[in-house]
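Reviewing the structure listed below.
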Amino acid sequence: YVPIEGEATFSALLDSFVEKQDWREIGGIVYKGEDKIIKTPPLPWIRDWDYSPLLDHAKYMQQVVEDNAKLGLKTLLQFETTRGCPYSCTYCDWGGGIHTKIRQRPVDILRKEIDWTGQNKIWKYFITDANFGILKRDIDVAKIIVETKEKYGYPKGVLYQTAKNQTEQIVEIADIFYKGTVSSGHMMSMQSTDETVLENVKRSNLPAERQKKIAEMLHDRGVPVKSQLIIGLPGDTI
């Protein structure tokens, strides 16, 4: 089991299988020993993204997209612009599990990746950031995505998890995506409206009046608003 960052550890595991080396000496894994669970020391965090895994393997990825098309399949890309989560919600492996500072991938690299996806007709993105919109620069990333669709016709849509505490820049991003026809509206995540439940999971929401104001701002811009709750958190009752 690779519990935290996977790239370096998983690559090393594959190498060990090919080279017939002892995988149990690789850092960053958890495995079952004879009578106990064994953890190896973690490998260093990835600090600087001065490269692009997507563009470094562009020919291979392009072949995957083409093979999908021959089978009548559309390609959805998992797309990461930042990594880490500053929150520590107990129900979430991002915060409760690793609780780290946000590390940013360079916007100039993101721009090149997004352009590549447009040229190669990537159907949709799933932006895997824990809190897309938490940074002001995320507005620029949203604009680049919409501009790419205007230029190439792709991507057709974007799925993303917004920053947990709704802010004006979240409203701006929702407006950009909706009017750029890559989203069907904005999702407001409430987790729960019960104060005891929120305390149990170490989660604090914006005050109801603040959330109401943000919903009104979205409605004023013509952006549909949806909401989601997490059912079955500690302290919930029927």
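The values are calculated or read from the model by the stated rules, or taken from the named source; none is laboratory data. For clarity, every value in this text was computed on a predicted model and none was experimentally measured. As a convention, Cβ positions derive from the backbone with ideal geometry for all residues, glycine included, and neighbour counts pool all protein chains shown. Note: accessible area is taken over every heavy atom of the protein model, side chains too, but ligands, DNA and RNA are not part of it. Shrake-Rupley method; radii C 1.70, N 1.55, O 1.52, S 1.80 Å.
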Can you name the number of the only condition in (1) part of a loop (DSSP other than H, G, I, E, B); (2) modelled with pLDDT under 95 that GLY95 fails? (1)
Subset of the range 29-57, residues more than 16 Å from ALA8 (Cα to Cα), over 21 Å from the mean Cα position of the chain (by Cα) and not in a strand (DSSP E or B), comes to GLY33, GLU34, ASP35, LYS36
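Could you go through the range 197-210 and let me know if any residue there is closer than 30 Å to ASN68 by Cα, buried (at least 20 other Cβ atoms within 10 Å of the Cβ) and in contact with a Ser or Thr (Cβ under 9 Å, 6 or more places away or on another chain).
Taking the range 197-210 as the starting set, the residues that turn out to be closer than 30 Å to ASN68 by Cα are none.
There is no residue in the range 197-210 that is closer than 30 Å to ASN68 by Cα, buried (at least 20 other Cβ atoms within 10 Å of the Cβ) and in contact with a Ser or Thr (Cβ under 9 Å, 6 or more places away or on another chain).
Part of a loop (DSSP other than H, G, I, E, B) and open to solvent by less than 10 Å² (accessible area, probe 1.4 Å): which single residue out of ILE127, ILE122, ILE145 fits that description?
On the way: ILE127 fails: part of a loop (DSSP other than H, G, I, E, B); ILE145 fails: part of a loop (DSSP other than H, G, I, E, B).
That would be ILE122, the only listed residue that is part of a loop (DSSP other than H, G, I, E, B) and open to solvent by less than 10 Å² (accessible area, probe 1.4 Å).
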Which one of LEU43, LEU110 is out of contact with any strand residue (DSSP E or B) (no Cβ under 6 Å at 6 or more places or on another chain) and modelled with pLDDT of 95 or more? LEU110
Search the range 148-174 for residues being open to solvent by 30 Å² or more (accessible area, probe 1.4 Å) and of a type in the set (Ser, Thr, Tyr), and hand back the single one that is farthest from PHE79 (Cα to Cα). THR167
Check the range 175-193 and report whether any residue there is under 20 Å from ASP93 (Cα atoms) and either modelled with pLDDT of 85 or more or open to solvent by 80 Å² or more (accessible area, probe 1.4 Å) (or both). no
Restricting the first residue to the range 152-177 and requiring it to be assigned to a strand (DSSP E or B), which pairs with a second residue that is open to solvent by less than 50 Å² (accessible area, probe 1.4 Å) and among the charged types (D, E, K, R) meet a Cβ separation below 9 Å and a spacing of at least six or different chains? TYR160/ASP129; GLN161/ASP129
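Within the range 23-59, track down each residue that is among the small types (Gly, Ala, Ser) and in contact with a helix residue (DSSP H, G or I) (Cβ under 8 Å, 6 or more places away or on another chain). Let's see the steps before the verdict.
Residues of the range 23-59 that are among the small types (Gly, Ala, Ser), as a first pass: 27-28, 33, 52, 58.
Result: GLY27, GLY28, SER52, ALA58.
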Any residue at all in the range 180-198 that is without any contact (Cβ under 8 Å) to a residue 24 or more places away in the chain and part of a helix (DSSP H, G or I)? yes
Could you tell me how many of the residues in the range 62-80 are closer than 15 Å to GLY118 by Cβ and either open to solvent by 70 Å² or more (accessible area, probe 1.4 Å) or among the hydrophobic types (A, V, I, L, M, F, W, C) (or both)? 6
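Is it the case that some residue within the range 100-114 is outside any helix (DSSP H, G or I) and among the hydroxyl-bearing types (Ser, Thr, Tyr)? Before you say what the answer is, go through the steps one by one.
Within the range 100-114, the subset outside any helix (DSSP H, G or I) is 100-106.
Then keep just the ones that are among the hydroxyl-bearing types (Ser, Thr, Tyr); that gives 100.
Checked the range 100-114: at least one residue is outside any helix (DSSP H, G or I) and among the hydroxyl-bearing types (Ser, Thr, Tyr).
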Report yes if some residue within the range 185-193 is at positive phi and of a type in the set (Gly, Ala, Ser); otherwise report no. yes
Contact list, first residue from the range 1-29 and open to solvent by 80 Å² or more (accessible area, probe 1.4 Å), second anywhere and of a type in the set (Ser, Thr, Tyr) and not in a helix (DSSP H, G or I), beta-carbon distance below 8 Å, six or more apart or interchain, is TYR1/TYR31; ARG24/TYR31; ARG24/THR40; GLU25/THR40
